[in-house]
1. Taking a temperature of 25 °C and a viscosity of 0.890 mPa s, what whole-number D in µm²/s does Stokes-Einstein yield for the chain with Rh from Kirkwood over alpha carbon pairs?
2. Once you place label points 7 Å from the Cα toward the Cβ at VAL21 and ARG105, how far apart are they in nm?
3. Given the DSSP H assignment, sum -39500 (n - 2.57) over each helix run of at least 4 residues in the chain and divide by its residue total; what's the result at 222 nm in deg cm²/dmol, nearest 500?
4. Just how much of TRP80 is accessible, in Å², when a 1.4 Å probe is used and the result is rounded to the nearest 10?
5. Counting Lys and Arg as +1 and Asp and Glu as -1, each charge on the Cβ, what is the dipole of the chain about the Cα centre in debye, to the nearest 20?
6. Hey, could you get me the Stokes-Einstein D for region 64-141, Kirkwood radius over alpha-carbon pairs, 20 °C and 1.002 mPa s, rounded to whole µm² s⁻¹?
7. Pop the C-beta distance of THR71 and PHE121 into the FRET formula with R0 = 35 Å and round what comes out to the nearest 0.05.
8. In square angstrom, what is the accessible area per residue of region 1-134 with a 1.4 angstrom probe?
Amino acid sequence: MESLFSLASTAALGGWLLLIVLPRWQLLIASLRYGLIGWLALAYSVLIFVFFFRIDGAGFGSIGAVRAIFTSDAGLVAGWIHYLAFDLFVGIWIAQEADQRGYNRLLQAPILVATFLFGPFGLLLFHLTRATETALSFRKA
């Protein structure tokens with residue numbers, strides 16, 4: 001499990017670096033979306049289908065049942081890969097939306113880093129940025 005954890009973490013970090021630093025070529029976005037995220041989704045799915053029903057008390061009906069999932073290395077790695085895949089998916093969406101809106105890459109970078117490190121917080125920053133842009137554009141009219 002340690003090797004899978006390290007591989008997934010390193011791969012996701014590499015994907016984030018490419019997303020933040022490189023131009024957003026269609027091939028890059030497709031490689032991240034269907035290659036890296038696809039691989040993460042497959043790894044997650046295998047872990048869940050192989051180990052989830054073997055974990056005593058695992059479930060989603062109570063905090064104790066959720067806690068039980070994370071008492072096993074397989075459950076913990078599956079949860080981590082879940083975060084890695086979804087946060088990167090959201091990061092790609094943010095990057096593409098920001099590009100369409102013409103946001104400078106220097107503005108995008110801290111939002112993407114926040115999304116990589118803290119998921120929903122980065123998404124909140126992006127939504128606040130969009131709301132600010134919208135509010136300012138209404139003032140211009």
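The values are calculated or read from the model by the stated rules, or taken from the named source; none is laboratory data. Quick caveat, the model's predicted, so the values are computed rather than measured. Note that we place each Cβ from the backbone using ideal geometry, even for glycine, and neighbour counts take in every protein chain shown. Keep in mind that these areas ignore ligands, DNA and RNA; they rest on the heavy atoms of the full protein, side chains included. Shrake-Rupley method; radii C 1.70, N 1.55, O 1.52, S 1.80 Å.
1. 148
2. Roughly 1.1 nm, to one decimal.
3. That comes out to -26000 deg cm²/dmol.
4. In the full protein context, TRP80 sits at about 100 Å².
5. Working: 9 positive and 7 negative charges, 106 e Å.
That gives the chain a dipole magnitude of about 500 debye.
6. Numbers: Rh = 14.1 Å.
The estimated diffusion coefficient comes to 152 µm²/s.
7. In this case the efficiency is close to 0.85.
8. Numbers: 7880 Å² over 134 residues.
Using a 1.4 Å probe on heavy atoms only, each residue of region 1-134 averages 59 Å².
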